Every structure is written in C-alpha cells, then in structure tokens.
C-alpha cells in the first residue's frame, strides 16, 4: 500500500524505485523464457532450459560474493574498504576462471550428461563465467552502499541485453540454436557490468585486513555459500535430472511446466526483500519479530493458494497462452507443480527470517531436504508425474519441519531475557566495544531470475 501511495504521489524513494526495477527485471526474464519456449518448441527449448538453469546455478553461486560484499561494504570505510573490495574482486574473478575452465574442459561430458545437441553452448557459456562473478561483486558494492540507482541499472542492462540480443539473433538470422542462446547470455554479462568502478580492482592491497575481520568475513561467506547451495539444489536439480533421465521432448515440456509453476517463487522474492529489513530493524529496537513473519507468511500463502487454484481451474488456458498447444500434455501436472513450489516459497520465508536473526538451523534443514528431493527423483522417475509427486513429498516435509522448528524456538524465546540495546552514537564513540559484526545486521536486497 505504501508503494502504491508513493506512486500516486510521484514521490518514490530509491528503495521503492529499486523494488519496481526488480519487478521489471523478473517480468523481463519471465518473458525471455516464454518467448524462447514458443519459438524453439519443446525439444530445442529443453537445451535452452539447460543453459538457463546453468545461469540460475551461477547466479546463486555468485550471490555468495554479492552478499559478502554488500554486508561488509557497510562495515568498512576508506582504506579498509579499498583493501577489502580489491581482495573480493580478485577472489571472485579467480573462482570464475576456475569454474569457466572446468565448464569448457568438460563440455563434451556435459553434452552427454544432459543429452544436448551440441557442446558448443557450454564452451561459450564457460567463457562468460568470470565476468558474471565480477558483475556480482560490483552489485554487492552498490547494494551495501545503497546506490540503488546504479544497482537497478546493472540488473536492467543484463535483462534487456539478453532479451534483445537473443531474440534479435533468432528472428533476424532464423538461427534456432542453443549456441545463440549462449551468446546472448554471455553478452548480457558484459552489459550487466556497467556502471563499473574499474579503480576498485587492484592487485596491490596496501592495508591487509586484521585477523578478526578476516575471520568474520570467512564465517559469513561459508554460511551464505551453504545456504545458496541449498537454493541451487532445490530450485534447479529437478530440471537437470529430468534432462538427464528423459528425452528432449519430455524435458522441454517439463521446463515449461517448471517455468509456470515457479511464478509463486518469483513473487515470494519480493516479500523476502521486505521481510529482511523489517526483521532487522525490529531486532535492533528490541521488539518481537514473530508478527512480521506471520504477516509475510500469510501474504505468500494467500498468493500461493490463488495461483494453485488458478492453475487447477484454468490449466489449458494458461499453458496455451504462454507456450502454445504443443505443451498441453502438461495440463494435469500444472497445479501440482505450483503446489510444490508454493510450499518451498513459504519454507523459504522461515529460512530467511532466521538468517536475519543469525540462526542457521533452518538453513541446514533446507539443505537436508534439498538432498532428499534429489534422492527421491533419482530413484523415482518413471514418469514426469512421479517426478512432480516426489517434489511434493519433499516440500511438504520441509514445510512441516520448518513450522515445527519455529514453534519449538518460540517456546524457548518465551523465557525472560535481559534486554541489550545498541546505540549507534555509543558505537561511534567506542568502536572497539562493538567489534563483533554479529551485533550489526545488514538488510540485503535480492533480485532473482
């Protein structure tokens, strides 16, 4: 409501403008997938879906560097920040080179594993991986410094360039090839780099970081990396496993099903962006935070139920409008996949709620059930319907366990505790007193494909 009021009054804060930008980016990426599905057909779209899934996996991996950069860009200033950002750029670029080389070297094996027509698309994609990691660190710096205008430009540039370049190559030259998809993706990494502060990349770190800072960065990096790994497994393993176990036509049909069913997950990310800063602020003020969790869980539940019912009542209309008649065989599974995604979206709200409170048990729970989902699909994949059913089982269990943990944790928090307040003015006058970074939370904003 506040956002709508601000739009009507034409007074938008940088944060609200960024939220609108996130909606536009997600909408553009959704359009990109839908148009590709229509132009390529199920079989060729299956190969494109592999590349898009690789892009999603890459985004989750690079998000670890982005969140680390965002958090510590708030905490570090002047020379310490310069040394920190230079070090992160070098480490991220090195990881990107290693991953890119591995993808190129094992391109033929990846072709065989995922039953793609060509290995060229993996080679092209691998060449762009280092650029994506540089882009993510750059975004993390903008995010931490609250430079939302520049942050919006990087996301918009990546999305628009990928959409226009890919569709332009396909429509102008009539090349229905996975290599064209890969070229469009890599080109978008270049556009997504800007605006870019090249002076922040330096091979000379004149001021080494103190050991306590390095330890804080390492711990946060490892925890974030683990959680992003759980996101990779739950979000993308099903598409890759289906591409491995099923023929190209069925894999393409499943990719279209996944794209429609995940609509609720993309919407849920908007509420995650609102949840984190709200919880952090309440925590700093010493107020209870459970009410804000309930509010956003209710929002996601209402949206999820609406999407599931829509998919149940009008599946043929939805699939026909988005992808066309050749995908109509997925009609019986649409509402089921939406249900599995909805339960994961609600579970995700619990996980991010506890991450903002520096509690990581729900993250471990997500990792366990992400592996369970993979195991179930590996052993039970006689049909696409069975694959969807296995995901429903895993996500029901995940949601039940997350709710159970919340109830258990809430009972423990009812015990009286001494109140500790944090005053920024005191911290500035005596910074050594607050050298534990766990005392200072940074509300990170997220933008997913």
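Can you give the direction-averaged projected area of the convex hull of the alpha-carbon atoms in the stretch 108-227, in nm²? Don't skip to the answer; put the middle values down first.
Working: hull surface 41.6 nm².
Hull-based average projected area comes out at 10.4 nm².
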Whole-Å distance linking the alpha carbon centroid of the stretch 146-180 with that of the stretch 103-117 is 24 Å
Compute the distribution of all C-alpha to C-alpha distances in the stretch 22-97, in bins of 10 Å from 0, and list the percent of pairs in each, rounded to whole numbers. 16, 32, 26, 18, 7, 1
Would you list 289, 341, 310 from fewest to most Cβ contacts within 10 Å? 310, 289, 341
Highest mean first, how do 301-308, 180-187 rank when packing is the count of other Cβ atoms within 10 Å averaged over residues? 180-187, 301-308
Taking 0.36 nm per residue of separation between residue 176 and residue 91 and subtracting their Cα-Cα distance, the length gained on full extension comes to 26.9 nm
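Quick one, what does Rg over Rh come out to for the stretch 136-187 if you take C-alpha atoms and the Kirkwood Rh?
Working: Rg = 14.3 Å, Rh = 12.2 Å.
Radius of gyration over Kirkwood radius for the stretch 136-187 works out to 1.17.
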I'd like the distance separating the alpha-carbon centroids of the stretch 352-377 and the stretch 35-93, in whole Å. 21 Å
log₁₀ I(q)/I(0) of the stretch 1-147 at q = 0.11 Å⁻¹, via Debye over equal Cα point scatterers, no solvent, to two decimals? -0.59
Theoretical gain in end-to-end length, residue 34 to residue 410 [0.36 nm per residue, Cα-Cα removed]: 131.1 nm
Those residues of the stretch 128-172 whose amide nitrogen sits under 19 Å from the label point placed on residue 102, 7 Å along Cα→Cβ: 128-137
Mind putting together the pair-distance distribution for the stretch 298-353? All Cα pairs, 10 Å bins, whole percent per bin, short to long. 25, 44, 23, 8, 0
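How long is the gain from residue 211 to residue 118 if the chain were fully straight, where each residue apart is worth 0.36 nm and the alpha carbon distance is subtracted?
Values: separation 93, 0.36 × 93 = 33.48 nm, distance 4.76 nm.
Gain on extension, residue 211 to residue 118, equals 28.7 nm.
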Say R0 is 22 Å: what FRET efficiency, to the nearest 0.05, do residue 12 and residue 295 get from their beta-carbon distance? 0.45
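Every number in this text was worked out from the coordinates using simple rules, so none of it is lab data. Note that the coordinates shown come from a computational prediction; the quantities given were computed from them, not determined experimentally. Positions of Cβ are backbone-derived with ideal geometry, glycine not excepted, and every protein chain shown enters the neighbour counts.
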